Amino acid sequence: MALAVALLAGAAGTGIWLLARDDGDGASHYPGGSSGTGAASDPCAAVDVALAKEWGLDSGRPDNPTDPNAGLTSCQWGYYGSNTSATAVFHLIYAKGPVPMSPSPTPIAVTGVPSATASENDTACAVQWPTSFGKAIVHVARSGEGLPGDLCSLAAGFAGAVAPRVPG
């Protein structure tokens, strides 16, 4: 059963799982293996301390769905910019296969990622690109005041920075 829902229907932390698609086949669909373990399935491993510091992010932490059959694994970081409280939440998500998004994704320029697409609303932007295991998705959502600029430009820049570190 596939369930397509709106891109981030509200809360930044839980909204990313609204992008999920459950194949309903009862199998685990983590990239890099069926158990969901190992570096290939750990999006947190794609951002080291230096990259996090460069982007003004806190330490990454797993942010996985409660249903392992959803075919998603994710890591999230708080983005502080020049503030002392988070102004955005960044997610790097590995997904098996297509992820329904609304509004429909459109092409976006991402350095080093020629086939990236983006979907956005007033509070979030998701940039996705194909990988050997399905899709990699960078999702950036506002979580406070003071986040400068266009969310999709921010998401595209981060996607370009992490894409070389994402498994095939």
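Being farther than 18 Å from Gln76 by Cβ, in contact with a Phe, Trp or Tyr (Cβ under 9 Å, 6 or more places away or on another chain) and without any contact (Cβ under 8 Å) to a residue 60 or more places away in the chain is the filter here; which residues of the stretch 103-162 pass it? Hits for the stretch 103-162 are Val110, Val113, Pro114, Ser115, Ala116, Thr117. Identify all residues within the stretch 119-153 that are open to solvent by less than 10 Å² (accessible area, probe 1.4 Å) and small (Gly, Ala, Ser); write none if there are none. Ser119, Ala124, Ala126, Ala136, Ala141 - these are the residues of the stretch 119-153 that are open to solvent by less than 10 Å² (accessible area, probe 1.4 Å) and small (Gly, Ala, Ser).
For Arg165, the conditions (1) out of contact with any Leu (no Cβ under 9 Å at 6 or more places or on another chain); (2) surrounded by fewer than 21 Cβ atoms within 10 Å (Cβ to Cβ) are fulfilled apart from (1).
Residues in the stretch 30-50 that are part of a helix (DSSP H, G or I) and either at pLDDT below 90 or crowded, with 16+ Cβ neighbours inside 10 Å (or both): Ala39, Ala40, Ser41, Pro43, Cys44, Ala45, Ala46.
The values are calculated or read from the model by the stated rules, or taken from the named source; none is laboratory data. The structure displayed is predicted, hence computed values, not measured ones. Cβ: placed from backbone, ideal geometry, glycine included. Neighbour counts: every protein chain shown. Just so you know, the surface numbers come from the protein's heavy atoms only, side chains and all, with ligands and any DNA or RNA stripped out. Shrake-Rupley method; radii C 1.70, N 1.55, O 1.52, S 1.80 Å.
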